[in-house]
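The values are calculated or read from the model by the stated rules, or taken from the named source; none is laboratory data. Please read all numbers here as calculations on a predicted model, not as lab measurements. A quick note on method: Cβ atoms are made from the backbone with ideal geometry, for glycine too, and the neighbour counts reach across all protein chains shown.
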Amino acid sequence: MTAEPPATGAPPTAGSSRGRGYWTTLAFLAPALILLGVWMVYPIVYTIGRSFFDRSGDRLIWFDNYEELFTSDILVTAIKNNALWVAVVPALVTAIGLIFAVLTERVSWSVAFKTAVFMPMAISLFAAGVIWRIMDQQDPDRGALNAGIAIVKDAVDPPGQLSDAFPSTEGLTGTAQQGLVLRTPVRAGQVVPLGLTGIPPEEVPEGGVQAVRPEALAGGITGVVWRDFKPGGGVPGRVEAQELGLPGVTVELRDPGGRAVDSTTTEPDGTFRFEEVADGELRAAIGAQTFAKPYGGVSWLGPSLITPAIMIAYIWVWAGFAMVVIAAGLAAIPRDTLEAARTDGATEWQVFRRITVPLLAPVLSVVFITMLINVLKVFDVVLSVAPGSVQDDANVIALAMWRTSFGGVDDFGLGSAIAVFLFLLVIPVLVLNIRRFRREV
Amino acid sequence: MATAAVRRPNVVVREGAAPRILRVLGKAPVTMLLVVVGLLWLVPTLGLFLTSLLTPADFNERGWWQVFSKPSMTTFDNYRALFDNAAITDSLLTTAYIAVGSTVLPIMVAALAGYAFAWLEFPGRDWLFIGVIALLVVPLQMALIPIFSLYNTLGMFDTVIGLVLFHTAFGLPFAIFLLRNFFIGIPKELLEAARIDGASEIRIFVRLILPLGLPAIASLAIFQFLWTWNDLIVALTFARETQPITVAIFSQLRQFGSNIELIAPASFVSIAIPLAVFFAFQRYFVQGLLAGSVK
């Protein structure tokens, strides 16, 4: 270090060619300064000025545009949505990135995992939005997200055999929601026909065979649930040839209070039997679960869930960024510190909470702030996930600025005010960046 | 004493075996979780690809995952139609022009400026650099309206050069910041030796700085390329006729269900190129990311 040349300040040639050095410097800087001046500095000044003028640009209206920004319904929705984005997404992305980074740290094949999670970073947010619009289709047969939910939901609460049906005779009353009940009480030894009609051909349960009217059973109740309809009609209430039994239907015996005291399910030919029926007034019923509708799917692209749906797409893209940056920070933490804590008997959770997270704090804050800025400017993904009809509900500041200025309204005054508002929101980060630089110099 | 002496070996054995078992057991759920999450992360992209192989009738009937049980549903007709569609192939070319131009130009300009900020003495250097840092986070929405008017006046609307210049300007603050920070780490002795030998600044820049700065330049190139290839908002504002692929797809979104045979394959083609770049140069991409964010 001491062997360093003493003349650190001025290069040897500086004195002889000061004039030439000036022009050289200018030549190096000029292209950048011209581009930054024309495409960034001048527009900033222009946009700030323009925001105080009306739509035509001729009349100075001072802060009227800003007033509209906070009063017009569409723009207030945009600001509220953006506030939600700011409150939810940066924290969530940072947390997910931290979890992934910590989990992958000690796994040998972590590169494969990291590549999978990081890959969406290369995809445009616009295309990511298209991808998630396909995922978000409502019908569980078409949208993968709802298909996933349907698997869980149908396991917990399986759909019924029939989504809808009507009684074939007036003896059977009630609605599909509460179950269909026979008007007259039943007693042991009786045969109970429960005919249903109005079942669409494609919803007739599979596995049904020719319906059979069962024999009476001493001390018990037997019966049949069948599709009381055949090509040409048939006689209601009578089991005829070509009429199919309805399998898997829940049949209940209910007490006078309407409570089910016994239940069974039907065979492929539609028959069912209750053995050893208790005395008392009982009514036969087809249980409501028979008519439980299959899962219809969450309306991700509807007006109420559109913002969460877009956020999912956005987090899918950015989680990899957070993970990679935090993993690099994690790798920089000295192993000795962690090992020392473990040797002293600290649990993994304590090590994570008391050592890893505090040492990572600068990295976490960088990720958080980067995401904060990104989220304030969110635009493309909203346009591609949200169908046109819900774009007002999904609106955010950057999109509102574009739609106001170029999307048909063509109000450059108000559009400028929205842009300035966005600019003001990032100014704290701008100041932070400058402070950090000045501390380094 | 005796019991302790008998016990000790036992304890030692336990300490050796227990952590190992714990480690394996402790890892199993984590491994499972990572496998599941990793696969889940790939599902949406796979879904787009498989959807791009469906006819619109099939798309409106059933989900893409059902091709696994019925592979005959898939067809490459969508891709054949896509590459026969002149509007789409033109827009892919336009995207390529924009992305390449918006990668090369800012790197050239930023390398020059980065060198000046790192190694040339001039009055107000730090203040000017603070100005560049201030521009880092300026939302491009601040420039859309004035540049729209400017391009209308100059007849630069709907031109590739107009888009390239806009991307270049907004890529510059980050590019200058990144390259200046990289160049400043080049050993001072190398530069001074070259200056003593009488090399001009241009010569030093071309022969010394650029080769040494190649890793940073590579990172930057990948960033600029991906960023501009993937752009929507700039092109949507300044290019109505000379459409890049994102704008071309955007104009089809209104009839999502019926245009899916175009939207899905076009989207997949539009992400295939950035993905290829990403997989080929992942290392530089990560380096650039870290240099840009962690400081």
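A compact table of results
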| quantity | calculated |
| --- | --- |
| Subset of segment A:259-283 [exposed (fewer than 15 other Cβ atoms within 10 Å of the Cβ) and acidic (Asp, Glu)] | A:275, A:276, A:279, A:281 |
| Enumeration of residues in segment A:185-210 that are in a loop (DSSP other than H, G, I, E, B), touching a residue at least 40 places away in the same chain (Cβ under 8 Å) and not aliphatic (A, V, I, L, M) | A:185, A:187, A:205, A:207, A:208 |
| Considering residues of segment A:388-398 that are facing another protein chain (nearest Cβ under 10 Å) and surrounded by 18 or more Cβ atoms within 10 Å (Cβ to Cβ) only, the residue farthest from residue B:236 (Cα to Cα) | A:397 |
| Breaking point among (1) within 25 Å of the chain's Cα centre (by Cα); (2) surrounded by fewer than 19 Cβ atoms within 10 Å (Cβ to Cβ); (3) not acidic (Asp, Glu), for residue B:80 | (1) |
| Residues satisfying the stated conditions in segment A:290-304, i.e. exposed (fewer than 14 other Cβ atoms within 10 Å of the Cβ) and closer than 17 Å to residue A:150 by Cβ | A:293, A:296 |
| One residue from A:189, A:143, A:160 being under 17 Å from the mean Cα position of the chain (by Cα) and either more than 30 Å from residue A:361 (Cβ to Cβ) or not assigned by TED's automatic domain parsing to the domain that holds residue A:365 (or both) | A:143 |
| Residues located in segment A:404-426, provided they are out of contact with any Asp or Glu (no Cβ under 9 Å at 6 or more places or on another chain), more than 7 Å from chain B (Cβ to nearest Cβ) and modelled with pLDDT of 95 or more | A:418, A:420, A:421, A:424, A:425 |
| Qualifying residue in segment A:142-165 (condition: more than 11 Å from chain B (Cβ to nearest Cβ), over 27 Å from residue A:245 (Cβ atoms) and among the basic types (Lys, Arg)) | yes |
| Those helices (runs of 4 or more DSSP H) lying entirely in segment B:119-238 with at least 1 residues more than 28 Å from residue B:285 (Cα to Cα) and out of contact with any Pro (no Cβ under 9 Å at 6 or more places or on another chain) | B:125-135, B:141-154, B:188-196, B:201-204, B:233-238 |
| Test: residue in segment A:61-71 that is of a type in the set (A, V, I, L, M), surrounded by 15 or more Cβ atoms within 10 Å (Cβ to Cβ), under 39 Å from the mean Cα position of the chain (by Cα) and away from chain B (no Cβ under 13 Å) | yes |
| Segment B:267-280, residues that are farther than 24 Å from residue B:220 by Cβ and facing chain A (nearest Cβ under 9 Å) | B:267, B:268 |
| Residue B:113, sole failed condition from (1) facing chain A (nearest Cβ under 9 Å); (2) surrounded by fewer than 16 Cβ atoms within 10 Å (Cβ to Cβ); (3) of a type outside the set (Asp, Glu); (4) in contact (Cβ under 8 Å) with a residue 60 or more places away in the chain | (2) |
| Only listed residue being farther than 27 Å from residue A:99 by Cβ and in a helix (DSSP H, G or I), chosen from A:389, A:365 | A:389 |
| Residue that is over 30 Å from residue A:367 (Cα atoms) and among the hydroxyl-bearing types (Ser, Thr, Tyr), where the choices are A:295, A:314 | A:295 |
| Which listed residue, of A:225, A:251, A:239, A:204, is out of contact with any helix residue (DSSP H, G or I) (no Cβ under 8 Å at 6 or more places or on another chain) and surrounded by fewer than 20 Cβ atoms within 10 Å (Cβ to Cβ) | A:204 |
| Breaking point among (1) more than 9 Å from chain A (Cβ to nearest Cβ); (2) in contact with an Asp or Glu (Cβ under 6 Å, 6 or more places away or on another chain); (3) buried (at least 16 other Cβ atoms within 10 Å of the Cβ); (4) not basic (Lys, Arg), for residue B:232 | (1) |
| Unmet requirement for residue B:166, which otherwise passes all of (1) surrounded by fewer than 18 Cβ atoms within 10 Å (Cβ to Cβ); (2) facing another protein chain (nearest Cβ under 8 Å) | (1) |
| Criterion: under 27 Å from residue A:137 (Cβ atoms), touching a residue at least 40 places away in the same chain (Cβ under 8 Å) and touching a Phe, Trp or Tyr at 6+ places or on another chain (Cβ under 7 Å) - qualifying residue of A:292, A:313 | A:313 |
| Residue under evaluation residue B:273, criteria (1) outside any helix (DSSP H, G or I); (2) within 27 Å of residue B:165 (Cα to Cα), criterion not met | (1) |
| Segment B:239-263: number of residues that are more than 20 Å from residue B:97 (Cα to Cα), part of a helix (DSSP H, G or I) and at the interface with chain A (Cβ under 7 Å from one of its Cβ atoms) | 3 |
| Subset of segment B:40-63 that is more than 7 Å from chain A (Cβ to nearest Cβ) and closer than 25 Å to residue A:115 by Cβ - its residue that is surrounded by the most Cβ atoms within 10 Å (Cβ to Cβ) | B:52 |
| Among residues of segment B:119-144, those that are touching a residue at least 12 places away in the same chain (Cβ under 8 Å), over 30 Å from residue A:410 (Cβ atoms) and touching a Gly at 6+ places or on another chain (Cβ under 9 Å), counted | 1 |
| Flag if residue B:147 is touching a residue at least 12 places away in the same chain (Cβ under 8 Å) and facing another protein chain (nearest Cβ under 7 Å) | yes |
| Matching entry among A:385, A:381, A:363 (being closer than 23 Å to residue A:94 by Cβ and at pLDDT below 95) | A:363 |
| Options A:310, A:369; residue that is within 13 Å of chain B (Cβ to nearest Cβ) and surrounded by 15 or more Cβ atoms within 10 Å (Cβ to Cβ) | A:369 |
